[in-house]
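See structure below.
The values are calculated or read from the model by the stated rules, or taken from the named source; none is laboratory data. For clarity, every value in this text was computed on a predicted model and none was experimentally measured. Because the Cβ atoms are built from the backbone with ideal geometry, glycine has one as well, and the counts that use them run over all protein chains shown. Calculation scope for accessible area: heavy atoms of the full protein, side chains included, ligands and nucleic acids excluded. Shrake-Rupley method; radii C 1.70, N 1.55, O 1.52, S 1.80 Å.
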Amino acid sequence: ALLGTCIAEAIATQADSMGHKADHFLMQSRPGDEPPAVAWQSYDCVVVHLTLRQVLWEAASARPDLIHTCALTDEEYDNALAAAYAHLRNVVEKIEAAVGGVVPTFYFAFVEPPSTYLGILLNGRRKSLHHMVRTLNDELAALLETRGTSRYIEVNDLLGYHGLAAVSDIYSNHFSHAFFHGEAIRSVMTRVSDALTVLRNESPIKLIVTDLDNTLWKGVLAEFDDIVPHEHTEGWPLGYVEALLEFKRRGGLLAISSKNDHAETVERIRHVYSNRLSVDDFCSLKINWEPKSKNIREILAETNLLPGNVLFVDDNPREIEEVTRAIPELRTLSGDQAEWRNAILFSPHTQVARISSESAARTELIQAKQKRDGLATAMSRDDYLASLEIRTRFDVIASASHPKFARALELVNKTNQFNTTGKRWTHAEMEALFASEGRVVTVNAADRFGDNGLIAVALLRGATIEQAVMSCRVFGMGIETALLCTLFEHVPSGAAGLAALYAETGKNKACAS
């Protein structure tokens with residue numbers, strides 16, 4: 001559903017030509033304008049294009065033509081900006097109340113005017129229309145961060161990529177009209193589609209396994225007597241590393257599978273990348289002369305990940321073929337190295353809807369798991385569990401305002417293996433669960449190797465466990481038993497016991513028993 005004026009209508013028309021079914025609903029951004037009465041729940045998402053000039057008109061009492069904001073006093077300018085934001089917030093609140101969080105709602109950014117329209121030698125970064133619109137975008141993005149199902153969609157980078165003059169009328173019309181067309185609309189609608197993929201957690205990549213020679217750096221370093229770092233990293237390798245580290249920051253895992261001698265290669269990584277990239281950034285190092293398919297199988301076992309959630313990057317097509325013959329579900333990236341950076345940074349499958357503290361620390365948590373697994377092979381199960389000194393904390397969530405709600409919803413919607421039904425929940429469905437007196441019970445766990453964070457969730461409605469999920473990094477620690485025991489404490493009085501729902505998904509055999 002496209003909500004807005006003429007630009008939203010043009011976007012809807014273009015979206016239809018791309019194979020999407022898009023309906024346009026007229027809504028101005030003026031005071032008193034109300035969203036139309038629409039069955040929003042029948043759509044995959046609502047896309048909102050707010051009318052910039054109508055928002056700015058609300059701020060124009062001091063000087064109707066806001067291109068001349070530089071003529072305002074500092075106080076007049078600040079008042080105008082505050083008035084524009086207050087009106088913008090009011091419009092958003094109306095839309096939020098009308099849609100009610102039943103589907104994701106995406107708000108397009110305003111098109112930002114060029115900062116040089118005042119003159120190339122004058123400061124256009126402050127007290128200008130450029131500054132005002134950019135600040136409104138900042139405020140809109142911050143406002144939507146607090147919403148459960150609403151998101152800010154940036155468009156200015158896409159317009160810049162295509163060339164602002166080629167895909168917008170911002171140079172031929174007045175700045176606040178901010179129309180864009182053609183390839184820009186197609187790119188923007190692709191971004192909306194990608195945003196839905198991210199929110200739905202469709203086929204996410206959770207681990208990238210990388211080769212080294214001609215992959216993490218240029219050349220085969222073992223063949224060089226004298227290694228000059230910048231000669232091997234300048235250009236696409238630095239871009240590739242930049243993308244890998246951003247993937248890790250989002251909560252992804254990194255590993256290495258390389259045919260080399262281990263000790264010498266680890267030292268080469270330190271020498272070539274110094275403090276830019278550390279071996280500690282990788283959760284697993286398989287640097288040996290074994291087949292890479294064997295190494296990757298071991299990495300999958302260490303991380304408890306499914307092959308379909310793993311990307312293998314290697315410049316050598318023969319290595320790609322060897323690995324995919326053995327593990328056909330594995331995803332791969334090869335070919336032109338200069339394209340790898342953008343593929344990793346911008347693919348919806350490498351992105352997340354939010355970054356939690358648990359996500360940001362995932363590499364350290366997997367490294368702690370590997371230490372626990374090492375202990376498990378050396379002693380009995382009971383002695384092993386006792387040696388871990390496991391500490392658990394249980395919380396009961398009864399509303400979306402609970403500080404742990406966002407992480408709990410994230411875990412439910414991204415877990416595949418220990419997930420009793422495989423169901424993905426929307427924010428609105430969770431609200432409905434709470435409204436029917438349902439509860440979400442969460443588990444935080446720590447042991448002597450570190451704090452694992454929030455690692456298990458159960459959705460309880462009455463005397464039925466509707467769903468239970470648990471992070472793969474705590475498999476084998478008995479957490480699911482502790483959770484089940486705690487759930488019995490929440491059985492309604494008069495109930496004979498607990499029932500539980502289970503649906504086989506093809507990926508969740510780990511929790512069948």
Subject >> Between the range 78-117 and the range 456-480, the Cα center-to-center distance that results, in Å >> reply: 39
Subject >> Farthest toward positive dipole pole in the range 332-379 [+1 Lys/Arg, -1 Asp/Glu at C-beta], among Ser334, Leu345, Ala376 >> reply: Ala376
Original post:
Can you list the lysines whose alpha carbon sits under 16 Å from that of Lys259, skipping same-chain ones fewer than 8 residues off?
Top reply: Lys218, Lys286, Lys292, Lys294
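Rounded to the nearest whole Å², what accessible area per residue is found for the range 372-513 with the 1.4 Å probe? Provide the component values of the computation, followed by the final result.
Values: 6580 Å² over 142 residues.
Roughly 46 Å² per residue, with all protein chains present.
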Subject >> Cα centroid separation, the range 127-150 to the range 484-513 (Å) >> reply: 44
Original post:
For the chain, what is the percent of antiparallel DSSP beta bridges, rounded to the nearest 5?
Top reply: 45
Original post:
Which of these values of log10 I(q)/I(0) by the Debye sum over Cα atoms at q = 0.07, 0.09, 0.13, 0.14 Å⁻¹ was calculated from the structure shown: [x] -0.47, -0.71, -1.13, -1.25; [y] -0.50, -0.80, -1.28, -1.35; [z] -0.47, -0.71, -1.25, -1.39?
Top reply: [y]
Subject >> Dipole magnitude of the range 186-298, debye to nearest 20 (Cβ charges: Lys/Arg +1, Asp/Glu -1, about Cα centre) >> reply: 800
**OP:** Among Thr265, Leu245, Val279, pick out the residue whose Cα is farthest towards the positive end of the charge dipole of the range 241-281, where Lys and Arg carry +1 and Asp and Glu carry -1 on C-beta, about the Cα centre.
**Re:** Leu245
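Using a 1.4 Å probe on the protein heavy atoms, what percent of the accessible area of the chain belongs to carbon and sulfur? Present the calculation step by step, with values, prior to reporting the outcome.
Values: 11660 of 23070 Å².
Percent of accessible area from carbon and sulfur atoms in the chain: 51.
What number comes out for accessible area per residue over the range 250-324 if the probe is 1.4 Å? Units Å², please.
Numbers: 3080 Å² over 75 residues.
Per-residue value: 41 Å².
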Original post:
Helix 362-376: angle to the longest alpha-carbon principal axis of the chain, degrees 0 to 90, nearest 10?
Top reply: 10
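Roughly how big is the chain's charge dipole about its Cα centre, with Cβ charges of +1 (Lys, Arg) and -1 (Asp, Glu), in debye to the nearest 20?
Working: 51 positive and 66 negative charges, 207 e Å.
Result for the chain is approximately 1000 debye, rounded to the nearest 20.
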**OP:** Post the alpha-carbon centroid distance, the range 213-262 to the range 298-359, in whole angstrom.
**Re:** 15
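For a protection proxy built on the mean count of beta-carbon atoms within 10 angstrom, sort 354-367, 457-470, 478-491 highest first, please. Walk me through the numbers on the way to the answer.
Values: 354-367: 17.0, 457-470: 21.4, 478-491: 14.9.
The peptides rank, most packed first, as 457-470, 354-367, 478-491.
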**OP:** Could you sort 32-41, 123-132, 327-336 so that the peptide with the highest average Cβ count within 10 Å comes first and the rest follow in order?
**Re:** 123-132, 327-336, 32-41
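Using helices alone, what [θ] at 222 nm do you get for the chain, with -39,500 (n - 2.57) per DSSP H run of 4 or more residues, divided over all residues and rounded to the nearest 500? Working shown, then result.
Working: 19 runs with 206 residues, N = 513.
It comes out at -12000 deg cm²/dmol, rounded to the nearest 500.
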Original post:
Quick one: putting +1 on the C-beta of Lys and Arg, -1 on the C-beta of Asp and Glu, what dipole do you get for the range 269-403 around its Cα centre, in Debye to the nearest 20?
Top reply: 200
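Probe of 1.4 angstrom, ligands and nucleic acids ignored: what's the accessible area per residue over the range 172-246, in square angstrom? If you can, show how the numbers build up before the last one.
Values: 3100 Å² over 75 residues.
I get 41 Å² per residue for the range 172-246.
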Subject >> Space enclosed by the convex hull of the alpha-carbon atoms of the range 76-211, per residue, Å³ >> reply: 169
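Considering the convex hull of the alpha carbon atoms of the range 180-315, report its projected area averaged over all viewing directions, in nm², one decimal.
Details: hull surface 40.8 nm².
Result: 10.2 nm².
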**OP:** Please name which of Thr392, Ala406, Val441 has its Cα lying farthest along the dipole of the range 353-456 towards the positive end, using unit charges on Cβ (Lys, Arg +1; Asp, Glu -1) and the Cα centre as origin.
**Re:** Ala406
**OP:** First measure r as the distance between the Cβ atoms of Phe179 and Asp33, then evaluate 1/(1 + (r/R0)^6) with R0 = 30 Å and state the FRET efficiency to the nearest 0.05.
**Re:** 0.95
